[in-house]
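Heads up: the structure comes next, in structure tokens.
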Amino acid sequence: MHPTLQAFAVSTVSAEKRGTANVMFLTGMDLGMAIGSVMLGFIVKSLGFAEMYGVSSLFLIIIPIILFLFIKLKVHNFLPAN
């Protein structure tokens, strides 16, 4: 999944901004793992493991929807008018 998302992030920008897109993608991955593990740790401590897995499942459902909407809006905004 990681190589596919990274290729998508790099392919959505111009050639001169690919380095920046790559760095932003990798920084986002690192921040997501750092912040996510702390947040899920708090959820486990206060609610339990079942709820932590439930919250993780919600993110696995919500994030692809957001990505789909982002792609649809970005493609729609860059299509030439007929």
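Counting just the residues of the range 1-54 that are over 23 Å from Ile71 (Cα atoms) and of a type in the set (Val, Ile, Thr), which one comes out nearest to the chain's Cα centre (by Cα)?
In this case the residue turns out to be Ile35.
Please work out which one of (1) surrounded by 10 or more Cβ atoms within 10 Å (Cβ to Cβ); (2) among the hydrophobic types (A, V, I, L, M, F, W, C); (3) free of Cβ contacts under 8 Å to residues at least 24 places away in the same chain is the condition Ala50 fails and give its number.
So Ala50 meets the others, but not (1).
Considering only residues that are hydroxyl-bearing (Ser, Thr, Tyr) and either exposed (fewer than 11 other Cβ atoms within 10 Å of the Cβ) or modelled with pLDDT under 90 (or both), which ones fall in the range 6-31?
Within the range 6-31, Ser11, Thr12, Ser14, Thr27 meet the criteria.
The values are calculated or read from the model by the stated rules, or taken from the named source; none is laboratory data. Keep in mind the model is a prediction, meaning the values are calculated, not measured. We place every Cβ from the backbone using ideal geometry, glycine too, and count neighbours over all the protein chains shown.
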